[in-house]
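Single-structure report; data block below.
The values are calculated or read from the model by the stated rules, or taken from the named source; none is laboratory data. Note that the structure is a prediction, hence the values are computed from the model and not measured. Here Cβ is always computed from backbone atoms with ideal geometry, including for glycine, and neighbour counts include all displayed protein chains.
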Amino acid sequence: ALIGLPHSFGFAIASFVIFRILDIAKPIPIRQLEQFPRGWGIMLDDIAAGLLTFGILQIYIYFV
């Protein structure tokens, strides 16, 4: 989630917090990925949460 973002402690903390919130809350698109068989669902939901975190932080950078 930090690739392409400024290297700062604040972005690292924000990325971690947003990722954990998305990983725990599992919004609908992320929740649907858990249905994949074997370990794929677990990996895909983490990847999706990371990509969504990246998108949220990119939007923040653009507007702030």
Query raised in the report: Within the stretch 1-40, which residues are closer than 21 Å to Y62 by Cβ, part of a helix (DSSP H, G or I) and touching a residue at least 24 places away in the same chain (Cβ under 8 Å)?
Result: F11, A14, S15, I18, F19, L22
Query raised in the report: How do the pairs read when you match residues in the stretch 45-63 that are within 15 Å of F11 (Cα to Cα) with residues anywhere that are surrounded by fewer than 18 Cβ atoms within 10 Å (Cβ to Cβ), using Cβ under 6 Å and keeping only pairs 6 or more apart or on different chains?
Result: L57/L5
Query raised in the report: Residue check: is R38 at positive phi and not hydroxyl-bearing (S, T, Y)?
Result: yes
Query - Total residues in the stretch 22-42, condition of a type in the set (A, V, I, L, M) and over 24 Å from F11 (Cβ atoms) - result: 3
Report task. Output the residues belonging to the stretch 9-20 that are of a type outside the set (S, T, Y) and surrounded by 13 or more Cβ atoms within 10 Å (Cβ to Cβ). Result -> F11, A12, A14, F16, I18, F19
Report summary line: By residue number, the members of the stretch 1-37 that are among the basic types (K, R), at pLDDT below 95 and under 12 Å from the mean Cα position of the chain (by Cα) are K26
Report summary line: Counting only residues that are over 17 Å from A1 (Cα atoms) and surrounded by 14 or more Cβ atoms within 10 Å (Cβ to Cβ), the stretch 35-64 contains a total of 1
